[in-house]
Amino acid sequence: QVQLVESGGGVVQAGGSLRLSCAASGRTLRTYAMGWFRQAPGKEREFAAAISRSGGNTYYADSVKGRFTISRDNAKNTVYLQMNNLKPEDTAVYYCAAGSGLTTGKSPVEYNYWGQGTQVTVSS
């Protein structure tokens with residue numbers, strides 16, 4: 001069992017930056033690929049970014065590519081999402097997730113464990 005806790009959300013103006021953290025407890029994160037998803041009001045949860053177990057491979061949704069960076073520190077059992085040049089359409093609850101048997105890494109059903117989410121609001 002893995003418990004995930006996100007932090008770092010908040011309110012920021014368009015063009016600003018935030019860094020989200022996802023801290024894990026219960027089991028080491030190094031055995032899991034990790035992903036960040038987001039869900040805006042009235043919309044389905046959508047993929048934002050994913051990272052392999054070692055951190056050697058990263059994947060991004062087209063909507064965030066070039067602006068967001070996913071990284072991990074397995075020694076600290078933590079995954080990060082650096083978000084730069086934020087836009088109002090990035091406003092959502094952001095969730096981190098851990099998966100042991102990913103295929104594409106872009107579907108929520110591929111992940112076994114989820115955090116409770118952290119709100120990101122970008123004002124125009």
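Just a few scattered comments:
- The chain: relative contact order in percent, alpha carbon pairs under 8 Å with at least 6 residues between: 35
- All C-alpha pair distances within segment 4-124, sorted into 10 Å bins from zero, spread as 15, 51, 29, 5 percent across the bins.
- Each of Thr104 and Ser54 was given a label point 7 Å from its Cα along the Cα-to-Cβ line. The distance between the two points is 2.5 nm.
- Pairs of Lys residues in the chain, spaced 8 or more positions apart or belonging to different chains, with C-alpha separations under 21 angstrom: 5 in total.
- Dipole axis of the chain (+1 Lys, Arg; -1 Asp, Glu on Cβ), positive-most option in Ala14, Gly42, Tyr32: Tyr32
- Neighbour net charge for Gly55 - beta-carbon separation under 13 angstrom, K R +1, D E -1: +3
- Exposed trypsin sites (Lys or Arg not before Pro) absent - longest run of the chain, DSSP non-H/G/I/E/B, at most 15 other C-beta within 10 Å: 77-124
- Kirkwood hydrodynamic radius (C-alpha pairs) into Stokes-Einstein, segment 24-78, 10 °C and 1.306 mPa s, D in µm²/s: 130
- Fraction of accessible area attributable to carbon and sulfur, the chain (%, probe 1.4 Å): 47
- The label point for Ser123 and the one for Thr69, both projected 7 Å from the Cα toward the Cβ, are 2.8 nm apart.
- Leu102 sits among other residues whose Cβ lies under 11 Å from its own Cβ, and their net charge, with Lys and Arg +1 and Asp and Glu -1, is +1.
- The GluC sites (Glu not before Pro) of segment 9-113 meeting both criteria, a DSSP state outside H, G, I, E and B (loop) and at most 10 other C-beta atoms within 10 angstrom of the site's C-beta, are Glu44.
- Cα centre as origin, Lys/Arg/Asp/Glu Cβ charges: segment 1-119 dipole, Debye: 260
- If you take all other residues with their beta carbon under 11 Å from the beta carbon of Ala14, and give Lys and Arg +1 and Asp and Glu -1, the sum is -1.
- Once the 1.4 Å probe is applied to the protein heavy atoms, the chain comes out at 49 Å² accessible per residue.
The values are calculated or read from the model by the stated rules, or taken from the named source; none is laboratory data. These figures come from a predicted structure and were not determined experimentally. A quick note on method: Cβ atoms are made from the backbone with ideal geometry, for glycine too, and the neighbour counts reach across all protein chains shown. Heavy atoms of the whole protein, side chains included, go into the accessibility calculation; ligands, DNA and RNA do not. Shrake-Rupley method; radii C 1.70, N 1.55, O 1.52, S 1.80 Å.
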